[in-house]
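Coordinate-derived values only; no laboratory data. Since the model is a prediction, treat every value here as computed from it, not as a measurement. Cβ: placed from backbone, ideal geometry, glycine included. Neighbour counts: every protein chain shown.
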Amino acid sequence: MKQEVKWHGMNWITQQKRIAIYLRDGLACAYCGDTLEEAQMSIDHIKPRSKGGSNAASNLITSCLKCNQCRGDRPINLWLDIVVQYRNYDITVVELQKHIRNCTRRVLPMAEAKVVLANKIASKKEEIENK
Ligand SMILES: [Zn+2]
C-alpha cells in the first residue's frame, strides 16, 4: 500500500484497466471532449493523488494530455471552471460535473478492454515479424 503511493511512474495502472477506462468514458477527454483521434489520451485523478485521491476507477477519468498537464493539482471544481472558460462552448460546470459522474458510475468494461489489448499486442507482433 505505502509503496503504491510513492510510485509515480506509468505502471501504477495496468494496460487493461487503462483501456477499460478509455472505453468507459467514450474514448474522449471528459474535460474538453477531444477524441482519441484528435489528441493523446491519459488518465486523470479526479481527486488528485497529492491530495489523497485513490487509484480506484471511480476516481479516474479519461483526459487528454493537454488538459491533464494544464490542470496539474487544481481541485476539480476550480479546473472545470477554467475548462468552461477556455473551451468557450455551450456547457456549464454543472453539466460537466454530471458528465464526469455518469462516466465514473459506469461498470468498467474489463472484458472489452482485454480484447482491445489482445488485438493491440497481436498487431504489434505482426509489425515486428514483418520487418
Ligand atoms: Zn482535454
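For a test of understanding, tell me how many lysine pairs in the chain have Cα atoms under 26 Å apart, given they are 8 or more places apart or on different chains.
Value for the chain: 24.
Using a Förster distance of 30 angstrom, determine the FRET efficiency expected from the C-beta separation of Thr92 and Ser123, and round it to 0.05.
So, using R0 = 30 Å, E works out to roughly 0.15.
Using Cβ contacts closer than 10 Å as the measure, can you line up Cys64, Cys29, Cys70, Cys103 from fewest to most?
Cys70, Cys103, Cys64, Cys29
Using a 7 Å offset from the Cα along the Cα-to-Cβ direction at both Ala111 and Lys131, what is the distance between the two label points in nm, to one decimal?
Label-label distance for Ala111 and Lys131, simple model: 3.6 nm.
Hydropathy first: keep DSSP H helices in the chain averaging at least 0.0 on Kyte-Doolittle, then drop any whose Cα extent along the axis falls short of 15 Å, and list what survives.
Passing helices, by number: 76-87.
Using +1 on the beta carbon of Lys and Arg, -1 on that of Asp and Glu, and nothing else charged, what's the dipole of the chain about the Cα centre, debye to 20?
About 600 debye.
For segment 20-75, with only Lys/Arg (+1) and Asp/Glu (-1) charged at the beta-carbon, what is the dipole magnitude about the Cα centre, in debye rounded to 20?
That gives segment 20-75 a dipole magnitude of about 360 debye.
Which order results if Asp73, Asp25 are arranged by neighbouring Cβ count within 10 Å, fewest first?
Ranked by crowding around the Cβ, least crowded first: Asp73, Asp25.
Can you give me the convex hull volume of the Cα atoms of segment 15-125, divided per residue and expressed in Å³?
Values: hull volume 11.2 nm³, N = 111.
Hull volume normalised by residue count: 101 Å³.
When only C-alpha pairs under 8 Å and at least 6 residues apart count, what is the relative contact order of the chain, in percent?
Reported as a whole number, the value is 30 percent.
Near Gly72, within a Cβ-to-Cβ distance under 13 Å, what is the net charge of the other residues, with Lys and Arg +1 and Asp and Glu -1?
+3
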